[in-house]
1. How many residues are outside any helix (DSSP H, G or I) and over 19 Å from PRO58 (Cβ atoms) if we restrict to the stretch 1-47?
2. What pairs come up if the first residue lies in the stretch 1-15 and is in contact (Cβ under 8 Å) with a residue 12 or more places away in the chain, the second is of a type in the set (Lys, Arg) and surrounded by fewer than 18 Cβ atoms within 10 Å (Cβ to Cβ), and their beta carbons are under 9 Å apart, counting only those six or more places apart or on different chains?
3. I'd like the residue in the stretch 10-35 that is at pLDDT 90 or above and of a type in the set (D, E, K, R) and, out of all such residues, is farthest from PHE67 (Cα to Cα).
4. Could you check how many residues of the stretch 36-47 are more than 16 Å from GLY4 (Cβ to Cβ) and either surrounded by 11 or more Cβ atoms within 10 Å (Cβ to Cβ) or at pLDDT 90 or above (or both)?
5. Taking into account only those residues within the stretch 49-66 that are surrounded by 11 or more Cβ atoms within 10 Å (Cβ to Cβ) and free of Cβ contacts under 8 Å to residues at least 24 places away in the same chain, which is nearest to VAL26 (Cα to Cα)?
Amino acid sequence: MICGALVLIGLFTRWALIPLMITMSVAVLRIHWENDITDKELPLLYLAVYAAIFLQGPGRFSVDARFLMMNDE
């Protein structure tokens, strides 16, 4: 819950995404391993979105970007 809120506001985004990606990886690889792909679909989707945000970064409207802009001045 805390990590999701941090990602939502864009504060420590990449650090907050690490536990979320680990959780979704465990959900796919351990919890739903023997189930059909339809049961793995939602955790895989979340994992893909988390990975995309992790690779792309928080964006220019995030709190992290505001801190970087304040440090540049």
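The values are calculated or read from the model by the stated rules, or taken from the named source; none is laboratory data. What you see is a predicted model, and the numbers here were worked out from it, not measured in a lab. Every residue, glycine among them, receives a Cβ derived from its backbone with ideal geometry; neighbour counts consider all protein chains shown.
1. Matching residues across the stretch 1-47 total 5.
2. Short answer, once both residue conditions are applied: GLY10/ARG66.
3. ARG30
4. Here the count works out to 4.
5. This residue is VAL49.
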